[in-house]
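First the structure, in the form of structure tokens, and then the observations on it.
Readers should treat all values here as calculations from the given coordinates under stated rules, not as data from a laboratory. Everything numeric in this text was worked out from a predicted model, so none of it was measured. Glycine gets a Cβ as well: all are built from the backbone with ideal geometry, and neighbour counts include every protein chain shown.
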């Protein structure tokens, strides 16, 4: 009895494909009897395969290559998302720091505004007190004789003397200036003119 020659692998593959197309149910049962070619499990970057990345059989090298490319792309996207989350946290921290500094600046500006207001009030009070004092001195100088007033005014600070002359009655101030030395009278007149311009 003659033995049949062994079926070449290509013929066997073609036959298998035709049977699959014509009779899928019996072929599925036959395929279940044959041990499936095992492929290595593709793990996620964490080391444990997910449900959709569990070990499975690949029908071709190309299918395996595509599956590995997809898994690699998923891992890359996951890393990018993690980097984005980290950057979002860093930005949030920076924003909080900037907001805190802006709040500090606003608080200091409010403190400076309050301090400026106090200084302005003190200066206004000082100016008012000085004006009152000068008015009182002017009233005293008005009552003095021109010679005595001129003698007393000669020893005063030039600005104060000019302020007193400014607060005095015009005629009394003129009589006092007439009794002062020529140089002193000229200096006081110049200062007095400056006061009038202010």
Worksheet item: Got a sec? Which of 84, 109, 156, 137 is surrounded by 10 or more Cβ atoms within 10 Å (Cβ to Cβ) and not in a helix (DSSP H, G or I)?
Response: 156
Worksheet, complete the sentence: Note on region 159-177: residues in a loop (DSSP other than H, G, I, E, B) and surrounded by 17 or more Cβ atoms within 10 Å (Cβ to Cβ) are 168
